[in-house]
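Everything below concerns the one structure shown next.
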Amino acid sequence: MMREEPWQTAEVCGPTKAQGIKKPAVVGALLKKAKHPLLVVGSQALTENTGKKSMIDYFIEFSTAAKIPIVATANTITAFKEKGFDNAYSYGAMEITGRLQDHDWMVASKKGPHDLVMTYGFPYYMEWLMLSALINFSPHIKTVSLGRYYQPHATWSFPNLKKQNWNDALKEILTLSGGSK
Amino acid sequence: MTEQKRARLKADKLDTGFGSFRNIEVTIGKVIDDDWDEPMGPTPMPDVTTLRSWDHKLLTRYRPAYMPACQLCCLCTFGKCDLTSGKRGACGLDIEGQSARIVLAAANIGCAAHLAHSRHMVDYMIHEFGPRFELSQGDGVEIEAPVSRLVTGIRPRTLEDASAILDYCETQLTHTLSAVATGQEGSWIDFESKAFHVGMIDQVGMEIADLAQISTLGFPQSDPDAPLIEAGISSMDPKKAMILAIGHNVVPATYIMDYASETGVSDNIDIAGICCTAWDISRYDAKTKIVGPISWQLRFVRAGFADVVVVDEQCIRTDILEHAKKVNSPVIATCDKSTMGLPDRTDDDVDDIVKDLVSGKTPGVYIRDHEKIGEVVVKTAIKMHPKRKKKGSLPSKAKMQELAQACRQCSECVRSCPNDQPVMDAVLAAAEGNFEPLADVYDECIGCARCESACPNEYDLHSWMVKAAEGRWKQESFMVRSGRGAIKDTEIRTVGQPIVFGEIPGVIAHVGCANYPDGGRAIHDHAEEFAKRRFIVVFSGCAAMTVGAIKDEEGKSIYERRPGTFDAGSVLNVGSCVANSHIAGAAIKIANIFAKRNLRGNYEEIADYIHNRVGAVGISWGAMSQKAASIAAGFWRLGVPVIVGPHGTKYRRMLLGRADKPEDWMVWDARTGDRVQVAAGPEHLFYAVENLEELMVMTAKLAIRPNDTAKGRAIKLSHYIDLHETYKGYFPDDVHTYIRRETDIPITIKDKIKAQMKENKWQEKPIPDPTLVRRLVYGGNGGGK
């Protein structure tokens, strides 16, 4: 099921659609090029895992290795705080979507803008709309959807993947960012 | 603009030079309502741009954040136009303008639905009761139509006044609708302003509709002890003929109830409703029953309960006829807005119509005559009942198991489910004889049936869920409180001051549809949490039903546990969708009764008062419709923040404040004329939360207002901090921004807050008499610093 088509079948978009991430090296290259990347992690990360690793542990490792701050939406912040991780910041999903449209804004009051935003952990339709906001109103930002299902409004997205393929891809991205396998 | 009232002469008998007349009524032009001594404010009957500057103030602070569902425009033959990457369409509109245009289109549609309902209601009531029939919300309500008074400057005292107000509303809707046409409005901010305008008009239209039906149909009149009503599927008596009424317009159903009563067959039939008609039939007759919210249509019809299905208007499944056919339930369409392709049998003999329906010669009919509807429905139900013997269309478990074994495992059912429910896994479990997963999906299902439309094997998946959960819904019985109508002036006198001072920390209004992301329990838990914290919790529409479905250990619903007064810790139901206007009305009456601000044609001042002082928060956890969009728009113009559940992102536009930009939070101090910075409260005007946890925290935060007294601010902060610590797991880092003086600090958490204040170099701030409107500075146009 390696198709680049919306997971929720009616969520088709306009003339532009995300390029499929066929090799995780694409994400590695984007990370290398980005000056101010950001991870935006939604509440599904609280219950999902990749392989034997919880998504929270995965993102802590990813963030630490690649030196990328995390915005944790809704109650997702609780898990990062509980694990003593201090590079996570709390914003609502709509708040961060709005803030990222401001060219001058960057998380933790640093000088912006963010130029690469990676998303994970939202209801499919919600992430679809968040990415639509960014593709239309934040032309300075490239977006990468890290979920299992194709998000056409991202700049780059995985196609719809089987769980094992997705696990493998995430593992490789972690390795490319300097984290453990 | 004040000359809106026609003078009428009425005479039983009149002898003139050219004849003698009986029962005549003559209209002599228009006269002013000159016995209302409240002075007329500056904006009676505002047109589309009268309040534009107020809208722009709000829209500058709460800048729209668009999330287009589509990057194209396909509304005219210039197009399709590609609006990506800053491109403009052939008409000149860019993606921002187009997105705002969609917002206005949705608000127009929603307003039109309510307004047409209101127009039907008022015209019908005039026909039945005469134009001079007096309107009333009951004892204890002298300000009986605060929204209409505020917007139009008219005090509607008769049905004729109500009709004149609707004339104004219809004109405004025509203008805002026209602005959506290609080649009209081009600015996002003015599309948005017009959406606010039509939202305000919607509140007037809803108020008139409910005022008309409350006054004429014997509904509870501002009654905190409105009767408790049996609800839930198992509250139906299978021994009785069952009439199901779906929609929003109660008028046809009243004729059914009256006919049943007049012919002595009431004890032989159950009349039950789905969606807002359910509330309004219960307000007409407390013996009627409530099936549940809009999303329960399909499950109830397919389970075969209904011997007749009656549809009026709004929130009807448009394919209800197809589903009813499968269970031999005749459908009677009663409203010109939803005739379902059925033959118009208005002029036919009742017995002929009944015969055709009972024999199955026709699956349904459209009837315009209310009296005939009453007779046809009751007679048909009684004849169908023994014939149908509750014929359902639910499959047997054995059949389901057999079919499930042929599942193609294509995932199309999951991919079509709005809530990503694990339908396919549940089907595969059923193939093994385990039906519990399907029953679990039923608990979360919103009843859209998209899964079965998508299934290549054409499985009736929704019916499978209903069958699998049969043991659950057969126990589904609970009590809900019928709609009370408006809030009494006397109640406002009691709570006005503590609300404005912040000592009652807020008014939470749970409004609207049942497109929940995770079943209905969330709104119950939210309501209980905030009622415990002494907020006033108000419900309306489908949310008001769902909240009652959750029972405590003693089997009591929230309505049985908590009083229905408008007071701290209460949980009250105002009624159907059109009763939403009473929630806005309560906020308006606080400004009038407690603060002595004039209402009459004085929109901007009252909205400014509410925005800065009344800690009201609207919530629509399952907002689905364009009507919900227009209802929200009405609250936005009043400056009341609205929170929606995650599906609310599909409204494609938030109104977000920027707490990190102090320059966005400047107000005038009405006492001194100085420009003063206040904390970000309410921080947002329209916000979609991701889950219940975020809703809990956001609700408490959005109840904060610049005018809170020290005691009130401390109370509100203590709730915000406590909920933040509970649901986000840490002490919020923005508390210091809400502390103006040390007296604002909640005493029990003083040390933590003071440490944060010190860390952030906190300085004392003035507490202004806040206003966004410079002309409201005492003594003139400000002139302070």
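The values are calculated or read from the model by the stated rules, or taken from the named source; none is laboratory data. In this text, all values refer to a predicted model and were calculated from it rather than measured experimentally. Cβ coordinates were reconstructed from backbone atoms using ideal geometry, including for glycine residues, and neighbour counts include every protein chain displayed.
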Counting only helices (runs of 4 or more DSSP H) wholly inside the stretch B:434-487, the ones holding at least 1 residues that are under 15 Å from B:Q421 (Cα atoms) are B:436-444, B:450-454, B:461-468
Taking only the stretch B:726-754 into account, find how many residues are over 31 Å from the mean Cα position of the chain (by Cα), assigned to a helix (DSSP H, G or I) and not aromatic (F, W, Y).
14
Going through B:S540, B:S570 one at a time, which residue ends up being touching a residue at least 24 places away in the same chain (Cβ under 8 Å), closer than 30 Å to B:I606 by Cβ, surrounded by fewer than 23 Cβ atoms within 10 Å (Cβ to Cβ) and in the same structural domain as B:A633 (by TED's automatic domain parsing)?
B:S570
Which residue is surrounded by the most Cβ atoms within 10 Å (Cβ to Cβ), if the candidates are limited to the stretch A:99-114 and must be without any contact (Cβ under 8 Å) to a residue 24 or more places away in the chain, within 10 Å of another protein chain (Cβ to nearest Cβ) and not basic (K, R)?
A:W105
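Here is a yes/no grid of residues against (1) closer than 30 Å to B:I610 by Cβ; (2) in the same structural domain as B:A679 (by TED's automatic domain parsing); (3) outside any helix (DSSP H, G or I); (4) not hydrophobic (A, V, I, L, M, F, W, C):
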position	(1), (2), (3), (4)
B:T60	yes, no, no, yes
B:A65	yes, no, yes, no
B:G97	yes, no, no, yes
B:A105	yes, no, no, no
Among the residues of the stretch B:80-104, which ones are surrounded by fewer than 19 Cβ atoms within 10 Å (Cβ to Cβ), away from chain A (no Cβ under 12 Å), at negative phi and not hydrophobic (A, V, I, L, M, F, W, C)?
B:R88
Of everything in the stretch B:306-322, what is surrounded by fewer than 24 Cβ atoms within 10 Å (Cβ to Cβ) and farther than 20 Å from B:C513 by Cβ? Give them in sequence order.
B:L321, B:E322
Quick one: count up the residues across the stretch A:132-150 that are without any contact (Cβ under 8 Å) to a residue 60 or more places away in the chain and either small (G, A, S) or at the interface with chain B (Cβ under 8 Å from one of its Cβ atoms) (or both).
6
Does the stretch B:358-377 contain any residue that is in contact (Cβ under 8 Å) with a residue 40 or more places away in the chain, surrounded by fewer than 14 Cβ atoms within 10 Å (Cβ to Cβ) and in the same structural domain as B:P293 (by TED's automatic domain parsing)?
yes
Please verify whether A:I56 is farther than 16 Å from B:V689 by Cβ and either under 13 Å from the mean Cα position of the chain (by Cα) or more than 13 Å from chain B (Cβ to nearest Cβ) (or both), treating the condition exactly as stated.
yes
Could you list, in sequence order, all residues of the stretch B:102-120 that are of a type in the set (A, V, I, L, M, F, W, C) and over 26 Å from B:P64 (Cα atoms)?
B:L115, B:A116
Taking helices (runs of 4 or more DSSP H) that fall entirely within the stretch A:1-120, which contain at least 1 residues that are among the polar types (S, T, N, Q), out of contact with any Cys (no Cβ under 6 Å at 6 or more places or on another chain) and closer than 27 Å to B:L656 by Cα?
A:77-82, A:93-99
Being touching a strand residue (DSSP E or B) at 6+ places or on another chain (Cβ under 7 Å) and within 14 Å of chain A (Cβ to nearest Cβ) is the filter here, so list the residues in the stretch B:700-729 that pass it.
B:L702, B:K728
With respect to B:A607, is the statement that it is more than 19 Å from the chain's Cα centre (by Cα) and either within 14 Å of chain A (Cβ to nearest Cβ) or assigned to a helix (DSSP H, G or I) (or both) true?
yes
Spot the failing condition for B:F530; the list is (1) buried (at least 24 other Cβ atoms within 10 Å of the Cβ); (2) closer than 19 Å to B:R283 by Cα, and only one is missed.
(2)
Does B:A69 fit the bill of being within 14 Å of chain A (Cβ to nearest Cβ), at pLDDT 65 or above and assigned to a loop (DSSP other than H, G, I, E, B)?
yes
Working only within the stretch B:664-699, note down all residues that are within 14 Å of chain A (Cβ to nearest Cβ) and of a type in the set (A, V, I, L, M).
B:A680, B:L685, B:A688, B:V689, B:L692, B:L695, B:M696, B:V697, B:M698
Failed item in (1) touching a residue at least 40 places away in the same chain (Cβ under 8 Å); (2) under 34 Å from the mean Cα position of the chain (by Cα); (3) more than 11 Å from chain A (Cβ to nearest Cβ), with B:D440 passing the rest:
(1)
B:E230 fails exactly one of the following numbered conditions: (1) of a type in the set (D, E); (2) surrounded by 24 or more Cβ atoms within 10 Å (Cβ to Cβ); (3) more than 30 Å from B:D161 (Cα to Cα). What is the number of that condition?
(2)
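Residue-by-condition table, conditions (1) crowded, with 21+ Cβ neighbours inside 10 Å; (2) at pLDDT 95 or above; (3) aromatic (F, W, Y):
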{"position": "B:H120", "(1), (2), (3)": "no, yes, no"}
{"position": "B:D123", "(1), (2), (3)": "no, yes, no"}
{"position": "B:E128", "(1), (2), (3)": "no, yes, no"}
{"position": "B:V141", "(1), (2), (3)": "yes, no, no"}
{"position": "B:E144", "(1), (2), (3)": "yes, no, no"}
{"position": "B:V147", "(1), (2), (3)": "yes, yes, no"}
{"position": "B:L150", "(1), (2), (3)": "yes, yes, no"}
{"position": "B:I154", "(1), (2), (3)": "yes, yes, no"}
{"position": "B:S163", "(1), (2), (3)": "no, yes, no"}
Only one of (1) in contact with a Lys or Arg (Cβ under 8 Å, 6 or more places away or on another chain); (2) away from chain B (no Cβ under 11 Å) is not met by A:L129, so which one is it?
(2)
Qualifying residue in the stretch B:20-41 (condition: at pLDDT 95 or above and of a type in the set (V, I, T)):
no
Only residues that are of a type in the set (A, V, I, L, M) and either more than 10 Å from chain A (Cβ to nearest Cβ) or without any contact (Cβ under 8 Å) to a residue 12 or more places away in the chain (or both): list them for the stretch B:645-663, please.
none
Go over the candidates B:S136, B:S163 one by one and state the one that is in contact (Cβ under 8 Å) with a residue 40 or more places away in the chain, in the same structural domain as B:I109 (by TED's automatic domain parsing) and part of a loop (DSSP other than H, G, I, E, B).
B:S136
Please enumerate the residues belonging to the stretch B:702-720 that are surrounded by 21 or more Cβ atoms within 10 Å (Cβ to Cβ) and either in contact with a Lys or Arg (Cβ under 9 Å, 6 or more places away or on another chain) or outside any helix (DSSP H, G or I) (or both).
B:A703, B:I704, B:R705, B:P706, B:N707, B:D708, B:G712, B:R713, B:I715, B:K716, B:H719, B:Y720
Of the residues in the stretch B:250-291, those that are among the polar types (S, T, N, Q) and either surrounded by fewer than 22 Cβ atoms within 10 Å (Cβ to Cβ) or within 19 Å of B:D369 (Cβ to Cβ) (or both) come to B:T254, B:S261, B:T263, B:S266, B:N268, B:T277
